[in-house]
1. Put +1 on the Cβ of every Lys and Arg and -1 on every Asp and Glu Cβ in the chain; which of I38, N80, A10 then has its Cα farthest towards the positive end of the dipole?
2. Cα-Cα pairs above 14 Å in the stretch 17-89: how many percent?
3. Counting only helical runs of four or more DSSP H residues, what would the 222 nm mean residue ellipticity of the chain come to if each run contributes -39,500 (n - 2.57) and the total is spread over all its residues?
4. Apply the membrane-span-like helix rule to the chain: whole DSSP H runs, Cα extent along the own long axis of at least 27 Å, mean Kyte-Doolittle hydropathy at least 0.0. List the helices found.
5. Using only the alpha-carbon atoms, what does the chain span along each of its principal axes? Please give whole angstrom values in decreasing order.
6. More than 17 Å apart: what percent of Cα pairs in the stretch 109-202 qualify?
7. Lysine pairs in the chain 8 or more apart or on different chains: how many have alpha carbons under 29 angstrom apart?
8. Under a 5 Å amide H to amide H cut-off, with H placed in plane at 1.01 Å, what residues pair with Y239 once short-range neighbours are removed?
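FYI, it's all coordinate maths here, none of it is from the lab. All values derive from a computational prediction rather than experimental measurement. Counting neighbours? That spans all protein chains shown, and the Cβs are built from the backbone with ideal geometry, glycine included.
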Amino acid sequence: MSKFANRIIAVTGGGSGLGEAICRRLAIEGAKPMVLDIDETGGNRVADETGGSFFRADVTNPRDMADCFNRIVARFGVLNGAVNNAGIGGGYAPLVEYALETWDKVIATNLTGLFYCMRAEIPHLIAAGGGSIVNMASIVGVIGQANTAAYAATKHGAIGLTKSVALEYGTSGIRVNAVCPTYVRTPLTLSLPLLQSEEVWKEIDARHATGRCATPEEVAAMTLFLLSDDAASCTGAAYMVDAGLTAS
């Protein structure tokens, strides 16, 4: 039997990119992925292809998130784990030129949205007797990056929030960890103006100790480890999937 047989695992932003890779790996391992996304087309596609279920959800809306997780538990009876992956990149500009509306949108999605997700998930995980939460952070949550004020702030914040919540709910059987990927070729990153050139990607690959970026499947593998019982003593930590980029 798979470690994840019949487990109900929610993945926000599950309709594309890293979230899609995680849903696909969960399905292979026997779990039933709950694909949460604001994108109905992508979300339904991934749910259909993985044998999961799609729930439209906007992480910036606390009532929407609470209702979404209530509906999951009403239909399936339990929530065993969650991957809070939904996020956006934001603008690219020095701080004094950074658009205020972009700052507000990135904070609302990447950080406040993460708070709303965990606030909705934790009561159901307690009711289930425990479970695992994995929050998608970034290497930019542990190092600085010029011209990405909002994104860097939210990913540093995601790690801090992960640690605090792990301390609060550890005795309730809930583990909370963060995954910090390096650059990964996903629809989100490939849509960014600065990452349109293959020459740029070759230069980025060369910064890594392995000579290449991580893949979505490698990020998914770390995520599933942290969701699994094999990671029973792993909580309150941020795990690099960065091909050695932050080692220097």
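1. N80
2. Everything past 14 Å amounts to 59 percent.
3. Result for the chain: -13000 deg cm²/dmol, rounded to the nearest 500.
4. The qualifying helices are 149-169.
5. That works out to 48, 38, 37 Å along the principal axes.
6. Tail fraction, whole percent: 56.
7. 8
8. For Y239, the qualifying residues are A178, V179, C180.
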